[in-house]
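The values are calculated or read from the model by the stated rules, or taken from the named source; none is laboratory data. Worth saying up front: this structure is predicted, and the values here are computed from it rather than measured. Cβ: placed from backbone, ideal geometry, glycine included. Neighbour counts: every protein chain shown.
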Amino acid sequence: MAEHSRPVPASQIPFLITLVASTFLMGSSFVAGKILLQQGFPPMILAGWRFLVAALATLPLVVLDKGEFKRSLFPRKAGLREGALVIVIGLIQTAAVMGLLFWAMQFVSASTAAILLFTNPIWVAVLGRFFLGESLHRGRLAGLFLGIVGVCLAIGLGPDMFSGGQTLLGEIIGIASAFCWAVATIVNKRAGLPFQAWGLSFWQMLVGAIAILAIAYGTGEHWPAVVTREEWGWFLWLAIPASTASFGLWYVALEKGGATKTSGFLFLAPLFTVILSYFILGSTLTWIQACGGGLIGIALWLVNSELPARNRQERLAEALVEGEP
């Protein structure tokens, strides 16, 4: 009986709710961003101000989380090493990922760029196996593969995918964006930083926003002279719920579960994007996209299922990896 009660109880329910909420908000960011880009917002300026506002919006949540503002942002155990790691995570997680993503979108469609970005769980699974010692059984590998296929079907395959030339360059940049996200996830998990989730989320978004804005203004981009109320509404949604909340909840999820298991739920984000696009942007939902959603569901079950070990030695090794008593 003890074996069957493993990671199910109360700890799993908040974990699942946190991940679904985070990925839903991530998915909504593509819709809000798409609308603003169609209205003529420069991509790097939009990304930079998005995360600067998102970082500032995180501060009240830092206070509410532990009640001690200074200690949450500047933990006693945080020294030069921890500060340097936070800067590295911010430059990789926000600046590099978003910068490379928008660069890739100059050569490939938004759908292709999104598909490439959400190959992140594959890289997390591989890096997590070598640097975190997380288990990578065959069922999880199969789930990751099915998830990638499901994402491709759910978003919709474009005719320009993997066709060479500048498109190939964009695809390589898009994969680099996903790899940077995976690296940031592994660094965060392995570093064991003393920051709480909301405090770390604030610092990484602030560092990334400053870097992106420096690049944006340095290359001649500027905020639009006229912004309508509707555009402000979409921007605030993009900056606060779709950024502050999604990134903060993402770090909470990382604290509750392993990097591989947590990143497996990223497959939900593009699925939510497809659903929201259908209702908000008027995009059609084809039977192929519906099949993609089904594959994503199967992938999530495989990635997050605990397959029984084949022998006692394997059970002991798995227990040590997962930190069981």
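One line per residue, one yes/no per condition, for (1) surrounded by fewer than 19 Cβ atoms within 10 Å (Cβ to Cβ); (2) farther than 30 Å from Phe15 by Cβ; (3) of a type in the set (D, E, K, R); (4) modelled with pLDDT of 75 or more:
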site	(1), (2), (3), (4)
Gln106	yes, yes, no, no
Gly128	no, no, no, yes
Phe131	yes, no, no, yes
Phe145	yes, no, no, yes
Gly158	yes, yes, no, no
Phe162	yes, yes, no, no
Unmet requirement for Thr112, which otherwise passes all of (1) modelled with pLDDT of 75 or more; (2) crowded, with 20+ Cβ neighbours inside 10 Å: (1)
Failed item, numbered, when Glu230 is tested on (1) modelled with pLDDT under 90; (2) out of contact with any helix residue (DSSP H, G or I) (no Cβ under 7 Å at 6 or more places or on another chain): (1)
Any hit, the range 212-223, residues being within 23 Å of Thr185 (Cα to Cα) and either modelled with pLDDT under 80 or touching a Leu at 6+ places or on another chain (Cβ under 6 Å) (or both): no
Qualifying residues in the range 249-300 (those that are in a helix (DSSP H, G or I) and among the polar types (S, T, N, Q)) - the one modelled with the lowest pLDDT: Thr260
Residue match in the range 302-314 (condition: modelled with pLDDT under 75, assigned to a helix (DSSP H, G or I), among the acidic types (Asp, Glu) and more than 23 Å from Arg50 (Cα to Cα)): yes
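Look at Ile122 and say whether it is among the aliphatic types (A, V, I, L, M), surrounded by fewer than 22 Cβ atoms within 10 Å (Cβ to Cβ), at pLDDT below 80 and part of a helix (DSSP H, G or I).
Here the answer is yes, as Ile122 does meet what is asked.
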Residue list for the range 94-123, restricted to those being polar (S, T, N, Q) and within 15 Å of Ala182 (Cα to Cα): Thr94, Thr119, Asn120
Filter pass, Ile215 being crowded, with 19+ Cβ neighbours inside 10 Å and of a type in the set (A, V, I, L, M): no
